[in-house]
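Comments concern the structure below.
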Amino acid sequence: MAEILDGREVIFEFRQMGPAMRVSAMDTATMVEIVIQCPANAGEAVFKKNALARLAYVLKKNGHIKE
(Lines give C-alpha, C1' and ligand atoms only; values in the text may rest on other atoms or scores of the structure.)
Protein backbone atom coordinates (compact mmCIF):
# COMPACT_ATOMS: atom_id res chain seq x y z
CA MET A 1 0.00 0.00 0.00
CA ALA A 2 2.89 2.40 0.68
CA GLU A 3 3.79 2.23 -3.03
CA ILE A 4 0.94 4.71 -3.55
CA LEU A 5 3.19 7.34 -1.96
CA ASP A 6 6.06 6.93 -4.47
CA GLY A 7 7.12 10.36 -5.66
CA ARG A 8 5.59 12.19 -2.69
CA GLU A 9 7.66 13.98 -0.07
CA VAL A 10 7.16 12.55 3.42
CA ILE A 11 8.78 13.96 6.57
CA PHE A 12 9.49 11.58 9.46
CA GLU A 13 10.08 12.34 13.13
CA PHE A 14 11.24 9.74 15.66
CA ARG A 15 10.96 10.19 19.41
CA GLN A 16 11.78 7.46 21.89
CA MET A 17 9.47 7.20 24.87
CA GLY A 18 10.79 4.48 27.16
CA PRO A 19 10.52 1.10 25.41
CA ALA A 20 8.42 2.56 22.58
CA MET A 21 9.28 4.73 19.59
CA ARG A 22 6.79 7.42 18.59
CA VAL A 23 6.91 7.87 14.81
CA SER A 24 5.27 10.81 13.02
CA ALA A 25 4.97 10.95 9.24
CA MET A 26 3.63 13.94 7.32
CA ASP A 27 2.78 14.21 3.62
CA THR A 28 3.99 17.68 2.58
CA ALA A 29 1.52 18.04 -0.29
CA THR A 30 -1.59 17.63 1.86
CA MET A 31 -0.13 18.43 5.32
CA VAL A 32 -1.73 15.23 6.64
CA GLU A 33 0.17 13.80 9.60
CA ILE A 34 -0.10 10.43 11.32
CA VAL A 35 1.46 9.13 14.51
CA ILE A 36 2.17 5.50 15.37
CA GLN A 37 4.05 3.71 18.13
CA CYS A 38 6.42 0.77 17.65
CA PRO A 39 8.81 -1.12 19.91
CA ALA A 40 11.99 0.95 20.12
CA ASN A 41 14.16 -2.02 19.16
CA ALA A 42 12.28 -2.71 15.89
CA GLY A 43 14.60 -0.59 13.74
CA GLU A 44 14.22 2.42 11.47
CA ALA A 45 13.17 0.40 8.41
CA VAL A 46 10.21 -1.06 10.33
CA PHE A 47 9.28 2.36 11.71
CA LYS A 48 9.19 3.90 8.23
CA LYS A 49 7.37 0.94 6.64
CA ASN A 50 4.60 0.98 9.26
CA ALA A 51 4.28 4.78 9.21
CA LEU A 52 4.07 4.88 5.40
CA ALA A 53 1.41 2.17 5.39
CA ARG A 54 -0.67 4.11 7.92
CA LEU A 55 -0.18 7.40 6.04
CA ALA A 56 -1.24 5.80 2.75
CA TYR A 57 -4.34 4.37 4.44
CA VAL A 58 -5.34 7.75 5.90
CA LEU A 59 -4.71 9.63 2.63
CA LYS A 60 -6.77 7.10 0.69
CA LYS A 61 -9.56 7.11 3.28
CA ASN A 62 -9.77 10.92 3.19
CA GLY A 63 -9.81 11.02 -0.63
CA HIS A 64 -6.42 12.69 -1.08
CA ILE A 65 -5.10 9.88 -3.26
CA LYS A 66 -6.66 7.26 -5.49
CA GLU A 67 -5.44 3.70 -5.77
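The values are calculated or read from the model by the stated rules, or taken from the named source; none is laboratory data. Remember, it's a predicted structure, so these values are computed and weren't measured experimentally. Areas reflect the complete protein model, heavy atoms only, side chains present, ligands, DNA and RNA absent. Shrake-Rupley method; radii C 1.70, N 1.55, O 1.52, S 1.80 Å.
Things worth noting here:
- Entry comment: accessible area of the chain is 65 Å² per residue, from protein heavy atoms only and a probe of 1.4 Å.
- Bridgeable lysines around Lys48 (alpha carbons under 19 Å apart, same-chain partners fewer than 8 residues away excluded): Lys60.
- Whole-percent carbon and sulfur share, accessible surface of the chain, 1.4 Å: 51 percent
- Cα centroid separation, segment 49-64 to segment 1-45 (Å): 11 Å
- Summed over qualifying helices (DSSP H, 4 residues or more, each -39500 (n - 2.57)) and divided by its residue number, the chain shows a 222 nm mean residue ellipticity of -9000 deg cm²/dmol.
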